[in-house]
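Data block below; observations after.
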Amino acid sequence: QVQLVESGGGLVQAGESLNLSCAVTGSVFGIGAMGWYRQAPEKQRELVATITGGGGTNYADSVKGRFTISRDNAKNTVYLQMNSLKSEDTGVYYCNMNRWGVPYWGKGTLVTISS
């Protein structure tokens with residue numbers, strides 16, 4: 001059974017940084033693209049960043065230049081380095097992984113930015 005376990009969320013002030021991690025456990029054969037999504041209070045879940053198995057990346061315009069997604073294929077882990085955080089970055093951050101066309105989600109980690 002595949003599980004995605006996020007960590008690294010917390011409460012920080014605007015301008016500070018956080019680094020999120022997401023480890024995939026269980027059956028890890030065939031892991032494809034991975035990514036991070038977030039959901040702010042009373043808003044829909046939105047894409048933050050994705051990364052392919054080969055390292056190709058894609059970012060939401062709102063985080064370009066501030067966030068960096070990376071992955072360690074040997075550890076089946078994806079990271080999200082978040083710098084220059086803003087209050088509008090507040091939300092629950094969800095890890096996503098695609099395996100043979102099937103999406104898997106973590107339970108989410110809360111990121112709160114105080115201004």
query: For region 25-39, what does the Karplus curve 6.51 cos²θ - 1.76 cosθ + 1.60, with θ = phi - 60°, yield as ³J(HN,Hα) per residue in whole Hz, taken in order and with x for Gly and Pro?
result: 10, x, 7, 9, 5, x, 5, x, 5, 10, x, 10, 10, 9, 9
- prompt: Residue farthest toward the positive end of the dipole of the chain, with Cβ of Lys/Arg at +1 and Asp/Glu at -1: which of Tyr79, Gly55, Asn19?
  reply: Gly55
- prompt: For the chain, with every protein chain kept in place, what is the accessible area per residue (1.4 Å probe, Å²)?
  reply: 53
field: Karplus (6.51, -1.76, 1.60) ³J(HN,Hα), θ = phi - 60°, over region 99-115, in Hz, Gly and Pro reported as x
entry: 10, 6, x, 9, x, 10, 10, x, 7, x, 9, 7, 10, 10, 10, 9, 9
field: Calculated log₁₀ intensity ratio I(q)/I(0) where the Debye formula runs over C-alpha points of the chain, q = 0.10, 0.15, 0.16 Å⁻¹
entry: -0.26, -0.59, -0.67
task: With a 1.4 Å probe and every protein chain kept in, tell me what percent of the accessible surface of the chain is carbon plus sulfur.
output: 49
query: Restricting attention to the alpha-carbon atoms of region 57-111, what are Rg (one decimal) and Dmax (integer), both in Å?
result: 12.4, 36
- line: The long-range amide H neighbours of Val2, using H built 1.01 Å from N in the peptide plane and a cut-off of under 5 Å, are Ser27
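The values are calculated or read from the model by the stated rules, or taken from the named source; none is laboratory data. Not measured: the values here are computed from a predicted model. Cβ coordinates were reconstructed from backbone atoms using ideal geometry, including for glycine residues, and neighbour counts include every protein chain displayed. Protein only, heavy atoms only, side chains kept; ligands, DNA and RNA dropped before computing areas. Shrake-Rupley method; radii C 1.70, N 1.55, O 1.52, S 1.80 Å.
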